[in-house]
Structure formats: structure tokens, C-alpha cells
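First up is the structure itself, then whatever we jot down about it.
The values are calculated or read from the model by the stated rules, or taken from the named source; none is laboratory data. If you're wondering where the values come from, they're calculated on a predicted model, not measured in any experiment. In this analysis, Cβ positions are derived from the backbone assuming ideal geometry, glycine residues included, and neighbour counts consider all displayed protein chains. Quick note on the areas: whole protein, heavy atoms, side chains included, nothing else; ligands and nucleic acids left out. Shrake-Rupley method; radii C 1.70, N 1.55, O 1.52, S 1.80 Å.
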Amino acid sequence: MKSNPKLRFIITAYVLIALAVSFLLYGIYMFLSSSVDEKMKDYEQRKQYRQSQDSKKNRSANEKCSNCHSGMKGFEASHTPEIIGCTPCHLGNAASDKKEIAHAGMVLFPGNLSNAEQTCGQKGCHPQMIARMQNNIMNTMNGVVSVDKWVFGEGTSPTDKSPVQLIGNSPAEKHLRNLCASCHLSNEKTELGPITELSRGGGCLACHLNYTPDAESELAEYLKKKKSNADISLHPQINLNVTNRHCFGCHSRSGRISLSYDGWHETILKPEDVKGKIGFRVLDDGRVVQQIKKDVHSEKGMICVDCHTSYEIMGDGTYALHKEEQMKVQCVDCHLIEQPKTQKLAEFDFESKKIAELLNIGDSKKNYLTTIKNGFPFVNVFYESGIAKLIKKSTTETVRIKSPANVCTEGKAHKELSCNTCHNSWTPQCVGCHTEYDENSSMYDLLANKEANGEWLEFGKNFFAEPATLGVKEQKNSNGKITRVIDEFTPGMILTIDKMDGSNKIFKRLFAPGFSHTIRKEARSCESCHNNPLALGYGRGKLEYKIFGASGSWLFTPQFPIIKSDGLPEDAWIGFLKEGKKNSATREYARPFSVLEQKRILTVGSCLICHKSDTPIMNAAILDFPKVIKLKSQKCVLPSW
């Protein structure tokens, strides 16, 4: 019997249609299931919260704490003893009026991560936070630990899972204990007082503890005269007033973000060098910083939490291996380049809605922007009449957010550039570090909080506040497609390490991706990238374009001496028109420019010798450089490679 082609075609078509419909229905089912799960989770959180308030009111009515502490005041509305009592925070036995029994099992600092599950994270308060805080990179310090161990040759990758809480006493781990390990949330707060420049750790208190000026004065008097606890009448507040001071203690170190944001640059000067000089400041730890140019957001009165959301700062529960994995906010979330996605207040998850309520900035009529990466709402950024607007959390002032200029989004030339590549005005950089171990000295173990034998010593030589070096981030997305971004980098370490075990010295030349938080409206000029040896990775020096008849050549003379260990200038990332070496960055996905990329950048640079960046022809080159090159005159001399 002959087969019927027409019948075969019809049957095949029906099968394909049936499969397509099945996949569609399955997709709808999964979407609805996910949506229902989220709604049920949100509902349960709200239900638990309501039940807990009733439970706490009953408990507070039976507490006898006020028999001794009746004059205590200063609480903010959400944490008053009348609403939640004393024991949910401080534990103990409030049913007894005898001090020894009542104070048994109390904690002086609720919110330290050693007790957070029983205090701040108990059922009905903030239980959803605990797992998130455990996985929070501000608690694990994962990237700091994994890179340090990798540099010392003790780790297989700069992206290993390496929480600071599990480190031992190897050379790398002792190096961390000596110099780095205080900046994690598990580090206990053990002394009374507000958050200062010297504060490190403290769990929930690191961000949410606040003293009023009167409470601070009373505490100072109490500590001076060593009065009884019963003489303290003003309780510090636990609230959402998260100021830049809360961030400063940890984030003024390492990448120096807290310093840079407010326009301060660390120097190698000593306090006595700047006594009486304008434009300098001595930090509480003795470091001397110099005033440079502020980030425009700082200049406009914005604080850190105006941009950084709760699901970013505290994490979303996922274990982050590096800081950028936990970061969810991007410039284009607010500086819109396309129609944004929005949410009404009623659509907010429980946490976001509660924050909006406590900050008194929620409005049921507004359309709030959401982050592109994870879809969570900005509680203080809304969309109105085609314009994004931000409510400053510190003042509740509303300001308009401008969209990027056309030059940022049009054309082919800069489509792979990150926003900060052009708009970060300067980046803190250090060159020429040396680290050695002195076994005869002693150190303070920042993880164990006690003295220990041996000490790691660091010696810095050069600090700079200049535009960043540029490089490439290449990552494969879930679809297998490689995304390529040109971004800013800074010397993560160009240093020599004398290991404590007496083995050979380690030399490393590694650049790290960064975001220096020195954004300005005005962007880098074309010349500052295409004609700048520092931007290309060659280091500081003289980059010249020489024309010999009908051919041109680029020449580079370095400013810093050549290091014997790898034959490169002391401040360089790569050699002039040379390929970068493997493992030359603190991330596996990051690298310096290839030779081909360097040649492309310098070809544009040769045009900029005659045609400045603000001329019509270079504006046209941003849109389509290959097209412009075809129009070059006989006077134009391009490089001969």
C-alpha cells in the first residue's frame, strides 16, 4: 500500500500542535504555581506577623522588667516594650522580679548573629532574614577569602566557596585573621555605644542600631561614672534609619567605596603631615584622607540605601561567591532607557511593603519601579508621566531621575561599555605593595578576637586617585550566549609576599573589577580611554603616535620601573601591545584587552590626534566607526601594525 503524503503531513502537523499546546499549558501552570507559591509565602508572613503582635502584647503585660526599668524611654514606635515587651529582644526571665533570676540567660546585644535566631529572627519578628544573613556575603566574606587563599596558592580558584567562619591558620588564613577578618557580620558587638568609623560586625545592629544625641550623652556619662544599669533611661533605637555611617566602618577599607562616594581619597600621609591643612581629614583609625571629587549622588544628598535595597544588602538567600552576585541594582533600573516594569504598593512582598510603611513613603496610587535582575520593587522610586522619580529616604524629598544622554545608548561603538566605564570620575589605586610575615612579633586575631603569635606586615608605596584601567568581563548566560562588557578595573594586588613558612616569595599582578562610586554627569573624554596608557592597561607613562611617511606607529615609555618577576612596569596590567597572561584578574571571567582589542582602541586613538572628541566626525564615529573610516582623506594616517 502506498503511503499518503498529504495524510502524513496532516498527522505530523496535529502532533506538533498538540506538543506546542502541551508546552504552553505546562508553562502557564508553572507560572501560576510560582505566583501562587509567592502569594502563599507572603500571606503566611503577614499572618505570622499579626499573630506575633498579639502574642507579644500578652507577654509584655506579664513582664516585670518595668519594676526596675520603669523610666526607660527613647524607643521608636515598632519596638516599644508596650508592643513587644523586653524579653523578645533581650531574652532572660521577665516573670521574676528577682534580678539574678530575671537576668539569667539575657543577652546585652540582641542581633549579634550568635543570638539573632532567638532574638531578631524569632517567629513573628524577622525569621525570613536569618538564612539570608547566613548566606550574605557581608557575613561570609567569601570573595575576600577565596581570592586571598588562591593568591597564596592554597585555593584552586578565586571563586571557591570559602566562608570566613571556617578558616584555620594556614599562611593565607592567618593573613586574613591579621588584616581582614573583622569586617563580617558574625563579628560580635561587645561594647555599648553607637556605630562609629571603627565599628565592625554586630549582626543586625551593624545597620539598624541608632542612638539619639541625648542617649549618646547619657551613655558617655554612665561609662565615665560606672553607674548602675538602672540609671540608664534612654534606650538606643533599632530602626530603618540606616545612614552612611553604618556602612563606613567596613566599606572605607578594601575598595574604599564609602570614602570615594563622599569624595575622600586615602593617602600615605601621617596625621602630623596635614595638621592645620585644608582639604584633609584624619579618620578615627589614623588614616589620612584627602578631598577629591564627590559622587554626584552624594553631592545631591543621596545615601547608600537610596539605591541599595534590602534584598541586595541582606541578600536574597542565595550563597554569593563574590559581591557582584549579590548586587541586584543597576544604573538602568532608575536611569531608564526603555519602558520600565512597575508594581503597585498592594503587589509588594511583605518585607518591601513593611519598609515603605515604616519609612512613611508608601502610596497605593503610585507605580513603583522594580529591579531588572530580580523584579523586587524599589520602595522609594516611582514612575509618573513617563518620568522616574526618587524619594530620598533621609529627607523624603522627591527628585526627578534623568535618563541617559543619547550618546550613551545610540550607535555601535559603545554598546558594550558599562555606565561606570565613562561616568566614574576616579578610582582609588595603589601600586607597589609588599607583605611579609614576622614570626617574632604578635598580632590581634580579628576572627578569634584575641592576641596571637606572629604578625603579617603590609608596606604600601603609591596611592593614586585617577580614572580606572579598563578591561573585559565575559560571562556565559543560561542560554549559552556570551555577554561581553567593558568595565573598570583597579590593581587588586601588584605585590610580593614573603610566606611565613620560609618558602619562595610569591609575586602577583592581579587587577580587580570595581565600581568606585565616583559617578559624575560629565563622562570621560574619548582621549582619556583611547590615548591613555593607564586606561589600556600599560600603566602610567608617555603614549605617543609617530608618523613616518605614509605609516603611523604607537610608542610607549613607562613611568614606573620594570619588575624583574614578570618584565612589566610596576603599575601595568599588560605589556604594550602584548597579550595578557592567564589568571591576571581576581575573577575567572575577567581579563585585560587582547592585542586585537588594543589595536582597535589605538586606531581610534590615532584619529583623535587630529580630530578631538567633541568634533562632528568623532560624534559620527561613535555611531558607526567603520563607516567613518571609509571616508578618511589622504591626510589621514592610520597605524601600521
Original post:
Among the listed residues 35, 52, 60, 70, which satisfies the condition of being more than 36 Å from the chain's Cα centre (by Cα), of a type outside the set (A, V, I, L, M, F, W, C), open to solvent by less than 60 Å² (accessible area, probe 1.4 Å) and modelled with pLDDT under 85?
Top reply: 60
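Assess whether residue 334 counts as being open to solvent by 30 Å² or more (accessible area, probe 1.4 Å), over 19 Å from residue 128 (Cα atoms) and either out of contact with any strand residue (DSSP E or B) (no Cβ under 7 Å at 6 or more places or on another chain) or of a type outside the set (Gly, Ala, Ser) (or both). Outline the logic, then answer.
Values: open to solvent by 30 Å² or more (accessible area, probe 1.4 Å): no; over 19 Å from residue 128 (Cα atoms): yes; either out of contact with any strand residue (DSSP E or B) (no Cβ under 7 Å at 6 or more places or on another chain) or of a type outside the set (Gly, Ala, Ser) (or both): yes.
Spelling it out, it is not the case that residue 334 is open to solvent by 30 Å² or more (accessible area, probe 1.4 Å), over 19 Å from residue 128 (Cα atoms) and either out of contact with any strand residue (DSSP E or B) (no Cβ under 7 Å at 6 or more places or on another chain) or of a type outside the set (Gly, Ala, Ser) (or both).
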**OP:** Would you confirm whether any residue within segment 153-161 is within 30 Å of residue 499 (Cα to Cα), open to solvent by 60 Å² or more (accessible area, probe 1.4 Å) and at pLDDT 95 or above?
**Re:** yes
Original post:
So how many residues does segment 544-557 have that are without any contact (Cβ under 8 Å) to a residue 24 or more places away in the chain and either closer than 17 Å to residue 598 by Cβ or in a strand (DSSP E or B) (or both)?
Top reply: 6
Subject >> Index of the failed condition, residue 517 passing every other in (1) within 25 Å of residue 614 (Cβ to Cβ); (2) part of a loop (DSSP other than H, G, I, E, B) >> reply: (1)
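If only one of 233, 217 is at pLDDT below 95, surrounded by fewer than 21 Cβ atoms within 10 Å (Cβ to Cβ), touching a strand residue (DSSP E or B) at 6+ places or on another chain (Cβ under 8 Å) and among the polar types (S, T, N, Q), which one is it? Reasoning before the result, please.
Working: 217 fails: touching a strand residue (DSSP E or B) at 6+ places or on another chain (Cβ under 8 Å).
It is 233.
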**OP:** Mind counting the residues in segment 517-564 that are out of contact with any Gly (no Cβ under 8 Å at 6 or more places or on another chain), open to solvent by 30 Å² or more (accessible area, probe 1.4 Å) and farther than 30 Å from residue 259 by Cβ?
**Re:** 11
Subject >> Subset of segment 129-152 [open to solvent by 30 Å² or more (accessible area, probe 1.4 Å), within 20 Å of residue 109 (Cα to Cα) and among the polar types (S, T, N, Q)] >> reply: 134
Original post:
Within segment 565-579, which residues are surrounded by 19 or more Cβ atoms within 10 Å (Cβ to Cβ) and either within 27 Å of the chain's Cα centre (by Cα) or modelled with pLDDT under 95 (or both)?
Top reply: 570, 571, 572, 573, 574
Original post:
If you take just the helices (runs of 4 or more DSSP H) that sit entirely in segment 336-452, which of them hold at least 3 residues that are farther than 30 Å from residue 186 by Cβ?
Top reply: 406-409, 419-423
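Residue-by-condition table, conditions (1) out of contact with any strand residue (DSSP E or B) (no Cβ under 8 Å at 6 or more places or on another chain); (2) open to solvent by 70 Å² or more (accessible area, probe 1.4 Å); (3) in a strand (DSSP E or B); (4) at pLDDT 95 or above:
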residue	(1), (2), (3), (4)
265	no, no, yes, yes
268	no, yes, no, no
272	yes, yes, no, yes
278	yes, yes, no, yes
289	no, no, yes, yes
294	yes, yes, no, yes
297	no, no, no, yes
316	yes, no, no, no
325	yes, yes, no, no
Original post:
Which one is farthest from residue 396 (Cα to Cα) among residues in segment 363-374 that are at pLDDT 95 or above and not aliphatic (A, V, I, L, M)?
Top reply: 371
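Say we look at segment 251-263 and pick out the residues that are open to solvent by less than 70 Å² (accessible area, probe 1.4 Å) and of a type in the set (S, T, N, Q); which of these is nearest to residue 303 (Cα to Cα)? Give the steps one after another, and end with the answer.
Keep residues of segment 251-263 that are open to solvent by less than 70 Å² (accessible area, probe 1.4 Å), which gives 252, 255-263.
If we keep only those that are of a type in the set (S, T, N, Q) as well, we get 252, 258, 260.
Details: 252: 15, 258: 10, 260: 13 Å.
Among those residues, the one meeting the criterion is 258.
Just to be sure, is residue 94 aliphatic (A, V, I, L, M), modelled with pLDDT under 95 and either open to solvent by less than 30 Å² (accessible area, probe 1.4 Å) or within 22 Å of residue 192 (Cα to Cα) (or both)?
On the way: aliphatic (A, V, I, L, M): yes; modelled with pLDDT under 95: yes; either open to solvent by less than 30 Å² (accessible area, probe 1.4 Å) or within 22 Å of residue 192 (Cα to Cα) (or both): yes.
When the stated conditions are applied, residue 94 passes them.
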**OP:** Go through the residues of segment 487-502 one by one and say whether even a single one is over 23 Å from residue 618 (Cβ atoms), open to solvent by 40 Å² or more (accessible area, probe 1.4 Å) and modelled with pLDDT of 95 or more.
**Re:** no
